[in-house]
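Engineer: Quick one: the structure is below, and I'll ask about it shortly.
The values are calculated or read from the model by the stated rules, or taken from the named source; none is laboratory data. In this text the structure is predicted, and so the values were computed from the model without any measurement. Positions of Cβ are backbone-derived with ideal geometry, glycine not excepted, and every protein chain shown enters the neighbour counts. Accessible surface areas use protein heavy atoms only, side chains included; no ligands, DNA or RNA. Shrake-Rupley method; radii C 1.70, N 1.55, O 1.52, S 1.80 Å.
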Amino acid sequence: MAGSTLGTIFKITTWGESHGKGIGVVVDGCPAGLPLEEKDIQCFLDRRKPGQSKFTTKRNEGDQVEILSGVFEGKTTGTPISMVVWNTDQRSKDYGNIMEVYRPGHADYTFDEKYGFRDYRGGGRSSGRETIGRVAAGAIAACFLKSLGITVTAYTRSVGPYEVKAENFDLNQRDKNRLYMPDTETCLLAEQYLEEMMGRKDSAGGVVECIIDGVPAGIGSPVFDKYDASLAKAVMSIGAVKGFEIGDGFSASRALGSENNDGFHIGADGRTTKVTNHAGGVLGGISDGSSVVFRAAFKPTPSIAQPQKTVTRQGEETQIEIKGRHDPIVVPRAVVVVEAMAALTTVDLLLANLSARMDRIVSFYGKETE
Ligand SMILES: Cc1cc2nc3c(=O)[nH]c(=O)nc-3n(C[C@H](O)[C@H](O)[C@H](O)COP(=O)(O)O)c2cc1C
């Protein structure tokens, strides 16, 4: 199975299935000398972990990470960093009823069509558990960015019809509620809505917003490796993501040019700066020095306990009611996954940018030939 690797210089390969022995990632291309300990990674994984609230699956995994290689005496060595999380709460019998039946909204049917064979236990490779590898790698990328003064912050922007209100926005509230919403008032309404959906054996979707602060102007390329295109690919590769917007996104299509263009001026630091940020920090695929702002739309969790129409592998029509442990909403656990994908993309493009200009290469290697 190809397609498990992302990145050009800072390259990650995730591996493992939901109910296999373990799940993990290999990070290749991380420079030597980055201070790194397991706890730097664990704190990211703890935000993705199931079983933290009534809105996340009861699956009781410890999700403890082990670094197997690439770190010595608390620093990266420049060699591949391999990380594993052992799967400890595998109840494969929970999934026996989906062995022969395709779950609506899942990859079961398409996986069988493609490979003719599938690890049906908890979705196998298509499981949300695959994101453990992404988050572990993303934690390293976040440490890298922190050393450059760049921060990546994601939060739940909306749950179903309930959207964070600008006047209530308080990032300090994000980690104080289990929906990762920076607006306590809206969060309470969203919680009631989710309770109602759970009562109806249904699920809900939502939007994650992400802000990358401190990115210098000049990151990303003008054609295929645009910063926004690279972010879109990384973020849309997360299960259940159905939409991506940068800056004003879809609402820019309803604006006039005079409203949507961000004028320039010279900032207090003497640099060219934008007056507004409708562009979301990227112009022509290249960062413009403003905050990079994007959103990802998540569909409702596909596993629901209501009876649904489906078919068996043998082509007979039937009904399915999905048993097992499933989140009524994917969004709160996906917030850190979005952060991870944003951090990985940004690090890869920052490293690629080092070879962009001859004057900088000459000054780095220090030998001018004339
Ligand atoms: C962090 C995370 C957790 C998820 N947990 C569940 C879950 O508990 N139940 C479920 O049905 N889908 C869950 N999903 C979504 C499915 O994996 C996804 O919808 C499915 O593989 C089909 O892929 P698609 O929605 O991208 O088409 C989760 C996704 C993520 C990113």
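Engineer: In the list Gly239, Gly243, Gly220, Gly267, which residue meets the criterion of being modelled with pLDDT of 95 or more and more than 16 Å from the ligand (Cβ to nearest atom)?
Structural biologist: Working: Gly239 fails: more than 16 Å from the ligand (Cβ to nearest atom); Gly243 fails: more than 16 Å from the ligand (Cβ to nearest atom); Gly267 fails: modelled with pLDDT of 95 or more.
That would be Gly220, the only listed residue that is modelled with pLDDT of 95 or more and more than 16 Å from the ligand (Cβ to nearest atom).
Engineer: Suppose we keep only residues that are farther than 22 Å from Asp228 by Cβ and in contact (Cβ under 8 Å) with a residue 60 or more places away in the chain within region 332-362. Which one would you say is most open to solvent (accessible area, probe 1.4 Å)?
Structural biologist: Here the residue is Arg333.
Engineer: Would you mention how many residues in region 115-155 are more than 30 Å from Ser290 (Cβ to Cβ) and in a helix (DSSP H, G or I)?
Structural biologist: Within region 115-155, the subset more than 30 Å from Ser290 (Cβ to Cβ) is 115-130, 132-133.
Cutting the leftovers down to in a helix (DSSP H, G or I) gives us 115, 121-126, 128-130, 132-133.
Residues in region 115-155 being more than 30 Å from Ser290 (Cβ to Cβ) and in a helix (DSSP H, G or I): 12 in total.
Engineer: For the list (1) surrounded by fewer than 21 Cβ atoms within 10 Å (Cβ to Cβ); (2) modelled with pLDDT of 95 or more; (3) part of a loop (DSSP other than H, G, I, E, B); (4) within 16 Å of the ligand (Cβ to nearest atom), I need the number of the one condition that Thr301 fails.
Structural biologist: With (1) surrounded by fewer than 21 Cβ atoms within 10 Å (Cβ to Cβ); (2) modelled with pLDDT of 95 or more; (3) part of a loop (DSSP other than H, G, I, E, B); (4) within 16 Å of the ligand (Cβ to nearest atom) applied to Thr301, the lone miss is (1).
Engineer: Hey, another quick one. Has region 290-298 got any residue that is surrounded by 17 or more Cβ atoms within 10 Å (Cβ to Cβ), in contact with a Ser or Thr (Cβ under 7 Å, 6 or more places away or on another chain) and closer than 29 Å to Ala352 by Cβ?
Structural biologist: Checked against the condition, which is being surrounded by 17 or more Cβ atoms within 10 Å (Cβ to Cβ), in contact with a Ser or Thr (Cβ under 7 Å, 6 or more places away or on another chain) and closer than 29 Å to Ala352 by Cβ, region 290-298 yields no hits at all.
Engineer: What is the number of the single condition among (1) within 30 Å of Thr110 (Cα to Cα); (2) not in a loop (DSSP other than H, G, I, E, B) that Gln306 does not meet?
Structural biologist: Unmet for Gln306, out of (1) within 30 Å of Thr110 (Cα to Cα); (2) not in a loop (DSSP other than H, G, I, E, B): (2).
Engineer: Further, regarding this structure: Would you be able to tell me the number of residues in region 201-254 that are in a loop (DSSP other than H, G, I, E, B) and either open to solvent by 40 Å² or more (accessible area, probe 1.4 Å) or basic (Lys, Arg) (or both)? First the steps, then the outcome.
Structural biologist: Taking region 201-254 as the starting set, the residues that turn out to be in a loop (DSSP other than H, G, I, E, B) are 201-205, 214-226, 237-240, 247-248.
Filter once more, keeping what is either open to solvent by 40 Å² or more (accessible area, probe 1.4 Å) or basic (Lys, Arg) (or both): 201-202, 214, 216-217, 221-226, 237, 239, 248.
Matching residues across region 201-254 total 14.
Engineer: Thr310 versus (1) within 9 Å of the ligand (Cβ to nearest atom); (2) surrounded by fewer than 22 Cβ atoms within 10 Å (Cβ to Cβ): which is the lone unmet condition?
Structural biologist: Thr310 satisfies every listed condition except (1).
Engineer: If you go through region 298-336, how many residues are closer than 22 Å to Lys201 by Cα and either hydrophobic (A, V, I, L, M, F, W, C) or touching a Cys at 6+ places or on another chain (Cβ under 7 Å) (or both)?
Structural biologist: 10
Engineer: Related question: Condition check: of a type outside the set (S, T, N, Q), closer than 30 Å to Gln192 by Cα, open to solvent by 40 Å² or more (accessible area, probe 1.4 Å) and modelled with pLDDT of 80 or more. Does Asp46 satisfy that?
Structural biologist: Values: of a type outside the set (S, T, N, Q): yes; closer than 30 Å to Gln192 by Cα: yes; open to solvent by 40 Å² or more (accessible area, probe 1.4 Å): yes; modelled with pLDDT of 80 or more: yes.
So Asp46 fits the description; yes.
Engineer: Would you confirm whether or not region 165-188 contains a residue that is open to solvent by 10 Å² or more (accessible area, probe 1.4 Å), within 16 Å of the ligand (Cβ to nearest atom) and in a loop (DSSP other than H, G, I, E, B)? Spell out how you get there, then give the answer.
Structural biologist: Here is the first cut: in region 165-188, the ones open to solvent by 10 Å² or more (accessible area, probe 1.4 Å) are 165-178, 180, 184-185, 188.
Then keep just the ones that are within 16 Å of the ligand (Cβ to nearest atom); that gives 178, 180.
Narrowing further to those that are in a loop (DSSP other than H, G, I, E, B): 178, 180.
Within region 165-188, one or more residues are open to solvent by 10 Å² or more (accessible area, probe 1.4 Å), within 16 Å of the ligand (Cβ to nearest atom) and in a loop (DSSP other than H, G, I, E, B).
Engineer: Within the set of pairs 6 or more residues apart or between chains, which connect a residue that is under 22 Å from Thr79 (Cβ atoms) inside region 134-152 to a residue that is among the acidic types (Asp, Glu) and surrounded by fewer than 24 Cβ atoms within 10 Å (Cβ to Cβ) with Cβ atoms less than 9 Å apart?
Structural biologist: Close Cβ pairs satisfying both conditions: Ala139/Asp40; Ile140/Asp40; Ala141/Asp348; Ala142/Asp40; Cys143/Asp40.
Engineer: Let me ask something additional. Tell me yes or no: at least one residue of region 310-322 is of a type outside the set (A, V, I, L, M), in contact with a helix residue (DSSP H, G or I) (Cβ under 9 Å, 6 or more places away or on another chain) and at pLDDT below 95.
Structural biologist: Filtering region 310-322 down to residues of a type outside the set (A, V, I, L, M) leaves 310, 312-319, 321.
Those still in the list that are in contact with a helix residue (DSSP H, G or I) (Cβ under 9 Å, 6 or more places away or on another chain) too: 310, 313, 321.
Remaining after also requiring at pLDDT below 95: 313, 321.
Checked region 310-322: at least one residue is of a type outside the set (A, V, I, L, M), in contact with a helix residue (DSSP H, G or I) (Cβ under 9 Å, 6 or more places away or on another chain) and at pLDDT below 95.
Engineer: Let me ask another. Restricting attention to region 313-346, report how many residues are farther than 19 Å from Tyr109 by Cα, part of a loop (DSSP other than H, G, I, E, B) and more than 15 Å from the ligand (Cβ to nearest atom).
Structural biologist: The qualifying residues number 0.
Engineer: In addition: Name the single residue, out of those in region 256-295 being hydrophobic (A, V, I, L, M, F, W, C) and without any contact (Cβ under 8 Å) to a residue 60 or more places away in the chain, that is farthest from Leu349 (Cα to Cα). Quick ask: steps written out before the conclusion?
Structural biologist: At the first step, the residues of region 256-295 found to be hydrophobic (A, V, I, L, M, F, W, C) are 256, 264, 266, 268, 275, 279, 282-283, 286, 292-294.
Cutting the leftovers down to without any contact (Cβ under 8 Å) to a residue 60 or more places away in the chain gives us 256, 264, 266, 268, 275, 279, 283.
Numbers: Leu256: 31, Phe264: 24, Ile266: 26, Ala268: 27, Val275: 25, Ala279: 19, Leu283: 15 Å.
Among those residues, the one meeting the criterion is Leu256.
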